[in-house]
Every structure is written in C-alpha cells, then in structure tokens.
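Input: one structure, supplied below.
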Amino acid sequence: MTPNGRSSRIRVLVAEQAARRGGRVGVVDVCTAAVASLPVGGAGMSAMSRTTASYPLCSTDGISEQLEELQLTLGEGPCVDAFTHGSAILTPDLRTGELQDCWPVFADAALETGARAVFALPLQIGAISPGVLDLYAQVPVRLNAEELADALAFAEFATLVLLDARIDATGEPPDDGATKRHIEDLGGYRAEISQATGMLTVQLGVGIDEAFVRLRAYAYAQGHRLTVVAADVVARRLRFSPDTDPTRTDEDT
C-alpha cells in the first residue's frame, strides 16, 4: 500500500470512530481506531515536553492508563525513550532480560498491570514532538511490516490531531460536515506549524521546544486553534518578542 493510501485509510477509520462517538475528531478516536485495527489490547497517549510537565492525554482502558502514569511517574520506559530519542521503541516481550536491565522498575511494574508487549511511537513533525502514542498487548507479539506501518500512520495522524485540537475544547458535537473538513485540512498544517515554530526561535532567541511551548501558550490564552496562530505567525500578522507581549499587525486587532 502506498503511504498516501495508508494515510487516507487511517483517516477514514478515525473519522468513523469519531462519528460513532458523536464528537469532533480527537486523540481518543485515534487510540480507539488503532486498537481496533492492530493486534494490541489497548492504547494510551501522553503529552510530553522537555520544558514543561508531561501528562497523560487519553487511554482506552485501565491497563493503558496505568502504563502512561507509570512511565511519566518513574521517568523510564518505552514512552520516555521514544520521546527522548525521537524513534519508535518496539518491545514485543517485556520479560526479555535486557529490558529488565534497561527499565528495572518499569518492566516489572508494567508486567504487574497485565501488559506483556509495549510499542511506543513518538508524535513528531520535523523538530516538534508533542508526545507519544503507546500501544500494548497482554501477550508477546511482534508487529509485522504492514502493522508497524499502520501504527506509525496512526501516530502521524495523532500528531496532527493533537496540534490542531482546540486547547479550550468545549466537547460540543461538530456541525454537519465539520469533522470531514477538519480531517481534510489537517494534512496541510504540518509545514505551517513547523515554519511558525522556526520563526519564533529567531524572534524569541530560544530553542525549538521553548518556541513551540510559547506558540501553544499564546493559542491557549487567546482561545484560538494552534493552526490559526501558526498561520498568523507565518503570514507575519503576529510577531513575538522576548521582552513584550506578542503584537499583531493586521487591522483586526
């Protein structure tokens, strides 16, 4: 299957899940669709940052909820390593001896929850990494090439959904056609978010992680979607400064 074909199929699966839930597409729909499509028992997702506190975003069941909390609390595990190294961490069997050495506390704690295999996939667009998608199974399992490609596609789409989410989400059901338009728009936003973050590193004189935190903080404070703020930065309608509040140059201010 071509990458575009795979991405399209993943988006349809997530949209169908959101429609069944009766809400706008969210990260929980990505997790639920991934569990239904892959040989795993559950999924969880955590927002992670090098400059602010990390926290769980969603989970599909009790085991995945415990796994997310364990890793963030202990500071070790596949989720932490996936975020740190920016690459997928595939753990087909937590009882492997070398994993016991790598994650001496997490490995045993995860086994106690009922998990046996864990796959951690970083959410990433360029240098921006807002979190990690974790998948687990209660039996040892290896993802074949097609399954791994699907898992990575779910993580890729989860990144877009997470970055585009209304930070002040109301949870209200979308208007007719809103979910479809939302999914169609997401694919075009990744470059703009990355470009806006890069511009902020210059305007603020900070690293990429801090620039992204500032971008999200402004979106939160203004009650805007991140993609809207990114578009304003790229179009130079909005400029950030290290010493003053962000200023707008358009006539709508």
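The values are calculated or read from the model by the stated rules, or taken from the named source; none is laboratory data. On a predicted model such as this, the values are computed, not experimentally measured, just so you know. When we count neighbours, we look across all protein chains shown, and the Cβ atoms used for this are built from the backbone with ideal geometry, even at glycine. Quick note on the areas: whole protein, heavy atoms, side chains included, nothing else; ligands and nucleic acids left out. Shrake-Rupley method; radii C 1.70, N 1.55, O 1.52, S 1.80 Å.
Label 7 Å along Cα→Cβ of A145; segment 98-125 residues with amide nitrogen under 11 Å?
Under 11 Å, as judged by backbone N against the label point of A145, lies no residue of segment 98-125.
OK, next. Pairwise over distinct Cα atoms, reciprocal of the mean inverse distance: report the Kirkwood radius of segment 187-248 in Å, one decimal place. List each step's numbers first, then the result.
Working: mean 1/r = 0.0888 Å⁻¹.
One over the average 1/r among Cα pairs gives 11.3 Å for segment 187-248.
Continuing with this model, one more query. When the expected Rg is taken as 2.2 N^0.38 Å, what fraction or multiple of it is the alpha-carbon Rg of segment 1-91? Could you put the intermediate results ahead of the total?
Values: Rg = 14.3 Å, N = 91, 2.2 N^0.38 = 12.2 Å.
Here the Cα radius of gyration is 1.17 times the empirical estimate.
Let me ask something additional. For the residue pair R50 and E65, what label-to-label distance in nm results when each label sits 7 Å from Cα along the Cα-to-beta-carbon direction?
3.3
Expressed as a whole percentage, what fraction of the accessible surface of segment 5-169 belongs to carbon and sulfur atoms when a 1.4 Å probe is rolled over the protein heavy atoms?
The C+S portion of the solvent-accessible surface of segment 5-169 is 52 percent.
From the phi of every residue in segment 98-106, what ³J(HN,Hα) in whole Hz does the Karplus formula 6.51 cos²θ - 1.76 cosθ + 1.60 yield, where θ is phi - 60° and glycine or proline is x?
5, 6, 4, 6, 6, 10, x, 8, 5
How much length, in nm to one decimal, is gained on full extension between R237 and D108, taken as 0.36 nm per residue of separation minus their Cα-Cα distance? Before the final figure, lay out each step's value.
Working: separation 129, 0.36 × 129 = 46.44 nm, distance 5.18 nm.
My answer for the length gained is 41.3 nm.
So, one more: Where does helix 208-222 land angle-wise versus the long Cα axis of the chain, in degrees 0 to 90, nearest 10?
70
Pairing the Cα long axis of helix 3-21 with the longest principal axis of the chain, what angle in degrees results, from 0 to 90 and rounded to the nearest 10?
90
Rolling a 1.4 angstrom probe over the protein chains, ignoring ligands and nucleic acids, what is the accessible area of C79 in square angstrom, nearest 10?
0
Please report Rg (one decimal) and Dmax (integer) in Å for the Cα set of segment 76-122.
In order Rg, Dmax, the Cα atoms of segment 76-122 give 9.8, 27 Å.
May I ask you to give the solvent-accessible area per residue for the chain, in square angstrom, as obtained with a 1.4 angstrom probe?
Numbers: 11900 Å² over 253 residues.
For the chain, the per-residue accessible area is 47 Å².
Work out the P(r) tail for the chain: percent of alpha carbon pairs separated by more than 23 Å, whole number. Walk me through the intermediate numbers first.
Details: 16450 of 31878 pairs.
Percent of Cα pairs beyond 23 Å in the chain: 52.
For n ≥ 4 DSSP H runs only, could you compute -39500 (n - 2.57) per run for the chain, divide by its residues and tell me the 222 nm figure to the nearest 500? Can you show the working numbers first?
Working: 11 runs with 133 residues, N = 253.
Value at 222 nm, helices only: -16500 deg cm²/dmol.
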